[in-house]
Amino acid sequence: MDMNHYLEVFIDESKEHLQELNQNLLTLEQNPEDMDVVNKIFRAAHTLKGMSATMGYHDLANLTHIMENVLDGIRNKKIAVTPELLDIVFLAVDDLEAMVESIESGGDGKRDVKDVIARLEQIEKGETLTQTISEIAVTTTEESLNNNYDQYEKTVIEQSQEQGYNCMEITINLRPDCLLKTARVFMVFEVLEKSGEVIKSFPSVEQLEEEQFESEFTVTFISKETPSELEQKITKISEIDSVKISFVNVSQLKLDDKAAEKDPIVIKEDELSSDEQEPAEKKHKKTVSKTIRVNIERLDILMNLFEELVIDRGRLEQISQDIEHPDLKDTVERMSRISSDLQNIILNMRMVPVETVFNRFPRMVRQLAKDLNKQLDLQIFGAETELDRTVIDEIGDPIVHLLRNAIDHGIEKPEIRESQSKSATGTIYLKAYHSGNHVFIEIEDDGAGINRNKVIDKAISKGIITKSQAKSLSDQEAFELIMAPGFSTADTISDISGRGVGLDVVKSTIQSLGGSIAIESTDGKGSKFSIQLPLTLSIISALLVEIGTEKYAIPLSSIIETAIIKKSDIMNAHHQPVIDFRGSVVPLVSLKDVFQVDVEDKDDEFVSIVIVRKADKMAALIVESFIGQQEIVLKSLGNYLSEVFAISGATILGDGQVALIVDCNALIK
């Protein structure tokens, strides 16, 4: 039976079960006596075991089977839930995730997990653990660096040497202060692949991509270049500490084929526990989820076709208004209603809650808190906020780096916090919310904050700014200096983060998505990093307005209401025109001045305004006249015009004119 047809479903469902394992294990740590949580963990592991065995991934099934035995012991009150036990189980889940990632990238899902299995078997037998979690990690790394090759790799090495190629093992050590280890690994591989071919890596490519290594990794490499030439190329990459190159001796190669000898695990119905065989009265309460998995590329094609349909729909509506034929008008109105419903369905199909990204952070924060001996409380708000799938796939790494940054150098040690009359437990807030056609993600901590003077002194010493420039910097401009390449104010080097190290990459990643990042901080009280990302919704509802001879579109999601006010109602506060909007003082912004549009001054005593908001802040935009509401297709202005102030894109109207789309968030400070 060909299982490749089911591979995509297997990978997606395995990731869901692994996420469920992680979430419920964290819950179990807080409530060790909660047997309902244990049963949920057991069911997820049991299902994953069955799926893996059916697909033929025996290493994955074997590890899950041993983990399942430990969970069964917990359910039957034979094994107590302890922090040490959970550390081992979390390590097993890490291995399971690495195996699934291997399968997803075309690998065989095999992995050396005998140390973790040995520890789990010790727990199952009630024995005392002989190694700590850190010792297991070190042992696993050391053993994985042995010269173990499969038959195919051994044959490639032998044939390459016969053809005059050099086969080498290159061991690279990254500097201890290297934050973006995966980026450095990628750069090393890029250099090597221009000079030859990488046969194997230790740890595996999947582990390197997930940063599941300390600072050292080894690659087996075939090339006609000499070791000295290769070493010279690799050492040009920044944050490389050392490079060691040795030739591979074919006669001493070991074959790694243990995994092939393992027997498959066959799951019989009578092996299901009583908890798996739920009572009949509970079964009928379950809702059946009828879903189908669709490749994201097909949705992209569907969206592009629908964008063209929306543009043509706008043209038809314009023609219908000009001709004023009743039958044509009725048909166009009906087509508009149907296409609007279709549009909502297509857009919702692409939207994914940021919860899919946020879910992995509690586990990471837990581990970092243990590593750094800090007490941390991660509070997540707005996880249900939805974002386009293409953006979701990219924002994970920037948030990881900002969280690690906040944990390592933002939150102080418990004793320091207590000496400053703070709670010993530091709090990190991770928030997501919609504003206009953007999503905001905020990472806020109640830690040490950013020392403005320290940042400026370091920037001057590095030649980024001069002393005269430093005097005129605002707080916001000073804080943004920490996002300069290689900038760090950290007093001690850390492999977790250094404040500023890697923030240049975070900034460039967010900008590549069409977003921006802002920093607020109070020395001694904490910092807030605010990421603004476009929804990347290709079709939005907007209010068309006119300024002079030009038309602009304001996203409806940003608008509170429109109004016409008397010029006599406009007041001044702090040299800024304002109005009284239902008891709130709202600043006035003239779009004519912002976009420098030539408009004839009129003696009219009334002014048309659009009141917009960003989170809890508001502004009133002065326009010349309102045209009406319309569905528009959001088109990018391209790389050359990406820095245009307060414009997020453009659209083509029904009459063929181009209207610029106003970014209200940029106008509200």
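Brief remarks on what is shown
- Test: residue in the stretch 553-561 that is over 24 Å from Glu317 (Cα atoms), part of a strand (DSSP E or B) and over 37 Å from the mean Cα position of the chain (by Cα): no
- Members of the stretch 369-387 that are assigned to a loop (DSSP other than H, G, I, E, B), within 20 Å of the chain's Cα centre (by Cα) and surrounded by fewer than 18 Cβ atoms within 10 Å (Cβ to Cβ): Ala383, Glu384
Each row is one residue, and each column tells you yes or no for (1) touching a strand residue (DSSP E or B) at 6+ places or on another chain (Cβ under 7 Å); (2) at pLDDT below 85.
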residue	(1), (2)
Leu145	yes, yes
Asp150	yes, yes
Glu169	yes, no
Asn173	yes, no
Pro176	no, yes
Ala183	no, yes
Leu192	yes, no
Pro203	yes, yes
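- When every residue of the stretch 568-583 is checked against the conditions, at least one turns out to be assigned to a loop (DSSP other than H, G, I, E, B) and closer than 27 Å to Ser541 by Cα.
- Options Ile547, Ile564; residue that is crowded, with 16+ Cβ neighbours inside 10 Å and at pLDDT 85 or above: Ile547
- In the stretch 28-86, of all residues being among the hydroxyl-bearing types (Ser, Thr, Tyr) and assigned to a helix (DSSP H, G or I), the one that is nearest to Glu101 (Cα to Cα) corresponds to Ser52.
- Among residues of the stretch 613-638, those that are part of a strand (DSSP E or B) and out of contact with any Cys (no Cβ under 7 Å at 6 or more places or on another chain), counted: 18
- As a summary of the residue check, Ala553 satisfies the conditions (1) free of Cβ contacts under 8 Å to residues at least 12 places away in the same chain; (2) buried (at least 16 other Cβ atoms within 10 Å of the Cβ) except for the one numbered (1).
- The stretch 568-579: number of residues that are modelled with pLDDT of 90 or more and under 41 Å from the mean Cα position of the chain (by Cα): 3
- Test: residue in the stretch 23-44 that is modelled with pLDDT of 85 or more, over 15 Å from Val81 (Cβ atoms) and of a type in the set (A, V, I, L, M): yes
- Selection of the stretch 344-355 for residues being more than 11 Å from Thr385 (Cβ to Cβ) and either in contact (Cβ under 8 Å) with a residue 60 or more places away in the chain or in contact with a strand residue (DSSP E or B) (Cβ under 7 Å, 6 or more places away or on another chain) (or both) yields Leu347, Arg350.
- Against the list (1) at pLDDT 90 or above; (2) surrounded by fewer than 17 Cβ atoms within 10 Å (Cβ to Cβ); (3) not aromatic (Phe, Trp, Tyr), the condition Asp603 fails is (1).
- Test set (1) within 15 Å of Ile74 (Cα to Cα); (2) surrounded by 20 or more Cβ atoms within 10 Å (Cβ to Cβ); (3) among the charged types (D, E, K, R) - Arg43 fails condition number: (2)
- The set of residues from the stretch 607-663 being on the phi > 0 side of the Ramachandran plot and out of contact with any strand residue (DSSP E or B) (no Cβ under 7 Å at 6 or more places or on another chain) comprises Gly638, Gly656.
- In the stretch 463-474, the residues that are assigned to a helix (DSSP H, G or I) reach residues that are surrounded by fewer than 16 Cβ atoms within 10 Å (Cβ to Cβ) and among the acidic types (Asp, Glu) with C-beta atoms within less than 9 angstrom, at least six apart or across chains, in these pairs: Ala470/Asp457.
- Residue match in the stretch 449-466 (condition: of a type in the set (Ser, Thr, Tyr), out of contact with any Asp or Glu (no Cβ under 6 Å at 6 or more places or on another chain), assigned by TED's automatic domain parsing to the domain that holds Gln375 and surrounded by 14 or more Cβ atoms within 10 Å (Cβ to Cβ)): no
- Total residues in the stretch 162-211 satisfying the condition of being assigned to a loop (DSSP other than H, G, I, E, B) and small (Gly, Ala, Ser): the figure is 3.
- Qualifying residue in the stretch 639-660 (condition: at pLDDT 85 or above, buried (at least 19 other Cβ atoms within 10 Å of the Cβ), in contact with a helix residue (DSSP H, G or I) (Cβ under 7 Å, 6 or more places away or on another chain) and assigned to a strand (DSSP E or B)): no
- The numbered conditions (1) crowded, with 18+ Cβ neighbours inside 10 Å; (2) modelled with pLDDT of 85 or more are all true for Val391 except (2).
- Residue identified as over 30 Å from Lys200 (Cβ atoms) and among the polar types (S, T, N, Q) among Thr47, Thr54, Thr64: Thr47
- Evaluation of Ala61 against the conditions (1) within 25 Å of the chain's Cα centre (by Cα); (2) buried (at least 20 other Cβ atoms within 10 Å of the Cβ); (3) of a type in the set (A, V, I, L, M) shows that the sole unmet condition is (1).
- Among the criteria (1) in a loop (DSSP other than H, G, I, E, B); (2) surrounded by 19 or more Cβ atoms within 10 Å (Cβ to Cβ), the one Glu214 does not fulfil is (2).
- Under the condition of being among the basic types (Lys, Arg) and modelled with pLDDT of 85 or more, the residues counted in the stretch 225-268 number 2.
The values are calculated or read from the model by the stated rules, or taken from the named source; none is laboratory data. Quantities reported herein were computed from a predicted structural model and do not represent experimental measurements. Counting neighbours? That spans all protein chains shown, and the Cβs are built from the backbone with ideal geometry, glycine included.
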